[in-house]
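In what follows, a single structure is set out as structure tokens and then discussed.
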There are 2 protein chains.
Amino acid sequence: MENKQISDRVIERLPKYYRYLKDLCNSQIQRVSSKTISKALNITASQVRQDLSHFGGFGQTGIGYDTEYLKNVMQEILGINKPHVAIVIGGGRIGQALISYKGFADENVFVKAVFDIETEHLKSVTGVEVYNVSSLEEYLSKNHVDIAIISVQKEFAEKLAKRVVDAGVKSIWNFAPIDLNFDGGVVCENINMSESLMRLIYKAHQS
Amino acid sequence: MENKQISDRVIERLPKYYRYLKDLCNSQIQRVSSKTISKALNITASQVRQDLSHFGGFGQTGIGYDTEYLKNVMQEILGINKPHVAIVIGGGRIGQALISYKGFADENVFVKAVFDIETEHLKSVTGVEVYNVSSLEEYLSKNHVDIAIISVQKEFAEKLAKRVVDAGVKSIWNFAPIDLNFDGGVVCENINMSESLMRLIYKAHQS
């Protein structure tokens, strides 16, 4: 499959398709039409057909798409069929909420450790190892980590992300209100709550 | 200002400009060039000039843009110069993290109350009123609420959002892993962490 040719816009929609197909599979629905997907995801049916053709999904007239097949293909394309190890940097409220975030298991992601400048308040957090951030490099030299989740204050985010990148981590999931970008094969997704809130207020004032 | 003509792509960037301009103002920097903005925000300089011209920002050669002026204009366009009242529906870990989220004050948003099906675990949460979700409609009939923040499980999100919309709330900020969309002048921003995580893993596998 020529993934390299898939545009950013299609990639944006890819998780939406996957999530919807998974729901259908969980509900034992074996076939779905582009029209039904279109309605559920608020995407035009012709766009759905075009997008899914990238992933080897070819719906048959009157029969539709095979949900299980398409779900499995997408899982593989997304790379979530294999497990990924994550660490959380910043054990504040958002960091703690992330540690307990149930969606990780769905995406085959496992949070192994949390790092903070103070660790006392994290002693009651279960299921993860707790470390002082001073031992970050030592930990990363001994443990393979796929994803570093950054949930520290804005002013520390860039420096801490750089430390994990320098130590070999290739994926950054950033919750600090600053856009992080790295070169050299390091990928980054920024969840910027503050920007989302501003867009919401803006749209409300325009409507 | 003809805001209606501003494209979604510009709106996406608007909070980034605002945030950057605010940082500059806080650092007492009075002038900034499109080149500097371009570098900081990873947007081409010509795009910066085009975007800012929508907001009455006209940089002068060799002098650049007036940061304070442009920041104030953007604050007004975004609508965050006026206070907004919010409620949180769902007092789980994400809901609690949101209640204590410091960014709200920056955007002039004030969380007044949290609603859940059980309220016992929220007694220690300070600064907000705590209610059983059964009293949602009664609360909304007596209190003006601009923004409802949905942080419940996927299966309850749509129904609860519909309840607040039916009760007159016009802005939904949704953290449940399902895209919510409403007609009739109701605006919605979906923060979909699960999709972001999938995109991150996908990009890592492609790089």
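Taken together, the values in this text are just the output of simple stated rules run on the coordinates, not laboratory data. The shown structure was predicted, so the numbers you read here are calculated from the model rather than taken from an experiment. We place every Cβ from the backbone using ideal geometry, glycine too, and count neighbours over all the protein chains shown.
Considering only DSSP beta bridges where both residues belong to the protein assembly as shown, give the percentage that are antiparallel (nearest 5).
Beta bridges within the protein assembly as shown, antiparallel portion: roughly 10 percent.
For A:96-103, what's the mean count of beta carbons from other chains sitting within 10 Å of each residue's beta carbon?
5
When a footprinting reagent is the concern and you count Cβ atoms within 10 Å, what order do B:Glu12, A:Glu120, A:Glu129 take, fewest first?
A:Glu120, B:Glu12, A:Glu129
Name the nearest-to-axis residue of chain A, judged by Cβ distance to the rotation axis taking chain A onto chain B, and quote that distance in whole Å.
It is A:Ala97, 2, counting Cβ atoms only.
Which of the trypsin sites (Lys or Arg not before Pro) found in segment B:80-180 are in a DSSP loop and have at most 15 neighbouring Cβ atoms, other than their own, within 10 Å?
B:Lys102, B:Lys123
Students often get this wrong: which residues of segment A:63-99 have the backbone nitrogen under 13 Å from the point 7 angstrom along Cα-to-C-beta of A:Ala167?
The answer is A:86-90, whose backbone nitrogens lie closer than 13 Å to the label point.
Taking a label point 7 Å out from Cα toward Cβ, give me the nm distances from A:Asn26 to the same spot in the other copies, shortest first, one decimal.
The projected label point of A:Asn26 is separated from its counterparts by 3.9 nm.
With θ set to phi - 60° and the Karplus curve 6.51 cos²θ - 1.76 cosθ + 1.60, what are the ³J(HN,Hα) couplings of segment B:15-30 in order, to the nearest whole Hz, using x for Gly and Pro?
x, 5, 4, 4, 4, 5, 5, 5, 4, 5, 4, 4, 8, 6, 8, 8
Can you give me the Rg/Rh ratio for chain B, using Cα atoms for both radii and the Kirkwood formula for Rh?
Answer for chain B: 1.03.
Other chains' Cβ within 10 Å of A:104-117 residues: what's the mean?
Shielding by partners across A:104-117 averages 1.
Tell me, Kirkwood radius of segment B:3-78 from alpha-carbon pair distances, in Å?
When all Cα pairs of segment B:3-78 are included, the Kirkwood radius is 12.2 Å.
For A:Cys188, A:Cys25, which order do you get if you count the other beta carbons within 10 Å of each Cβ and list the fewest first?
Ordered by Cβ neighbours within 10 Å, fewest first: A:Cys25, A:Cys188.
State, in angstrom, two size descriptors of segment A:39-83 derived from its alpha carbons: Rg to one decimal place and Dmax to the nearest whole number.
11.5, 37
How many nm is it between the label spots at A:Lys39 and A:Phe182, if each spot is 7 Å from the Cα in line with the beta carbon?
4.5
For peptide A:185-195, compute the average count of partner chain beta-carbon atoms within 10 Å of each residue's beta-carbon.
That average works out to 6.
Using a label point 7 Å beyond Cα on the Cα-Cβ vector, give me the inter-copy distances for A:Ile63 in nanometres, one decimal, shortest first.
Here the equivalent label points are 7.0 nm apart from this one.
Working only with C-alpha atoms, what are the Rg and Dmax values of segment B:123-181, expressed in angstrom?
Gyration radius and largest Cα-Cα distance of segment B:123-181: 11.7, 33 Å.
Each label point is 7 Å from the Cα along the Cα-to-Cβ direction; what then is the distance between the points at A:His144 and B:Glu12, in nm?
3.4
With just the Cα atoms of the protein assembly as shown, tell me how far they stretch along each of the three principal axes, in Å, largest first.
So the three principal-axis extents are 60, 56, 48 Å.
Check cross-link reach from A:Lys71 to the lysines: straight Cα distance under 16 Å, and skip same-chain residues fewer than eight apart.
Candidates past the 8-residue exclusion: A:Lys16, A:Lys22, A:Lys82.
For labels at A:Ser135 and B:Gln28 in the simple 7 Å Cα→Cβ model, what's the distance in nm?
Here the answer is 4.3 nm between the modelled labels.
When each copy gets a label point 7 Å from Cα toward the beta-carbon at A:Ser100, what are the spacings between them in nm, shortest first?
From this label point to the equivalent ones elsewhere in the assembly: 1.1 nm.
Please determine, in degrees from 0 to 90 and to the nearest 10, the orientation of helix A:67-78 with respect to the longest principal axis defined by the Cα atoms of chain A, where the helix direction is its Cα long axis.
The answer is roughly 40 degrees.
Post the alpha-carbon centroid distance, segment A:57-134 to segment B:56-120, in whole angstrom.
Centre-to-centre (Cα) distance: 28 Å.
Using the Cβ atoms and a cut-off under 13 Å, what net charge is assigned to the surroundings of B:Leu122, where Lys and Arg are +1 and Asp and Glu are -1?
My count for the surroundings of B:Leu122 gives -2.
At q = 0.10, 0.11 Å⁻¹, what log₁₀ I(q)/I(0) does segment A:92-207 have when each alpha carbon counts as one equal point scatterer in the Debye sum?
For segment A:92-207, the Cα-only Debye profile gives -0.33, -0.40.
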